[in-house]
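The values are calculated or read from the model by the stated rules, or taken from the named source; none is laboratory data. Keep in mind that this is a model prediction, so the values were computed, not measured. Here the Cβ positions follow ideal geometry from the backbone for every residue, glycine too, while neighbour counts run over all protein chains shown.
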Amino acid sequence: MQPSIISKHKPRFRHIGYGFIILIFFALETTRGMFPRLFGAPAMLLMLAVVCIAMFEREIYGAVIGAICGLLLDVTSLNLPYFTALMFMVTGAAVGIISHYFMRNMLSSAFILTAGAMIFYNLTEWLLFFVFRGVDRSAFFFLRFSLLSIIYSLIFVLPIYLLIRKIAKSKSV
């Protein structure tokens with residue numbers, strides 16, 4: 001029996017779905033006024049996408065998606081060049097490994113891995129760009145923006161995880 005055209009091309013459609021999500025989240029995250037901020041703290045939508053996609057696609061694909069999303073953010077960032085790409089790439093690979101070998105792929109795992117990834121990213125960014133540079137009131141920045149951004153982003157784990165799962169498991173997409 002010959003496989004249907006849809007199942008034969010399933011990965012392509014799945015990748016296109018991921019691509020649309022990434023582009024939409026990039027626009028929402030980087031365009032001022034397109035997505036609400038919580039007291040000035042943005043939601044980290046692309047980090048959520050990287051974590052959720054890596055949970056379904058494993059470490060290599062997670063690293064590639066992480067690098068792509070990080071490069072997109074690096075284009076609009078004033079941080080060290082390729083910092084976000086490297087951090088997101090490591091995050092995607094780590095989440096892919098952890099979710100494949102050590103944790104079951106479920107919603108509670110998505111919350112844990114997303115929180116861990118965001119804490120890792122924000123803590124590293126804060127240490128490198130504020131603490132080690134001797135910026136005054138760096139603790140205030142971490143508490144006011146980074147921690148608030150993590151908490152705000154975790155609100156969106158459920159809908160983003162379900163959306164990515166639907167794309168990853170769908171027979172027609």
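What the table below lists for this structure:
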| item | result |
| --- | --- |
| Subset of segment 49-86 (residues that are of a type outside the set (A, V, I, L, M, F, W, C) and touching an Asp or Glu at 6+ places or on another chain (Cβ under 8 Å)) | ASN79, PRO81, TYR82, THR84 |
| Out of GLY116, GLY70, sole residue that is surrounded by 13 or more Cβ atoms within 10 Å (Cβ to Cβ), more than 22 Å from ARG37 (Cβ to Cβ) and within 16 Å of the chain's Cα centre (by Cα) | GLY116 |
| Test for ASN105: is it assigned to a helix (DSSP H, G or I), polar (S, T, N, Q) and in contact with a helix residue (DSSP H, G or I) (Cβ under 9 Å, 6 or more places away or on another chain) | no |
| Exclusive hit being more than 18 Å from ALA41 (Cα to Cα), at pLDDT below 95 and part of a helix (DSSP H, G or I), set LEU128, LEU148, LEU158 | LEU128 |
| Residue in segment 52-67 that is of a type in the set (Gly, Ala, Ser), over 14 Å from the mean Cα position of the chain (by Cα) and either assigned to a helix (DSSP H, G or I) or at pLDDT below 95 (or both) present | no |
| When residues of segment 157-170 are limited to those that are of a type outside the set (D, E, K, R) and surrounded by 17 or more Cβ atoms within 10 Å (Cβ to Cβ), the one nearest to ILE119 (Cα to Cα) | VAL157 |
| Selection from segment 68-93 of residues that are without any contact (Cβ under 8 Å) to a residue 40 or more places away in the chain, assigned to a helix (DSSP H, G or I) and among the small types (Gly, Ala, Ser) | GLY70, ALA85, ALA93 |
| Enumeration of residues in segment 34-46 that are more than 17 Å from HIS15 (Cα to Cα) and either in a helix (DSSP H, G or I) or among the charged types (D, E, K, R) (or both) | ARG37, LEU45 |
| Filtered residues of segment 74-96 (kept if surrounded by fewer than 21 Cβ atoms within 10 Å (Cβ to Cβ) and either modelled with pLDDT under 95 or closer than 20 Å to LEU23 by Cα (or both)) | ASP74, VAL75, THR76, SER77, LEU78, ASN79, LEU80, PRO81, TYR82, PHE83, ALA85, LEU86 |
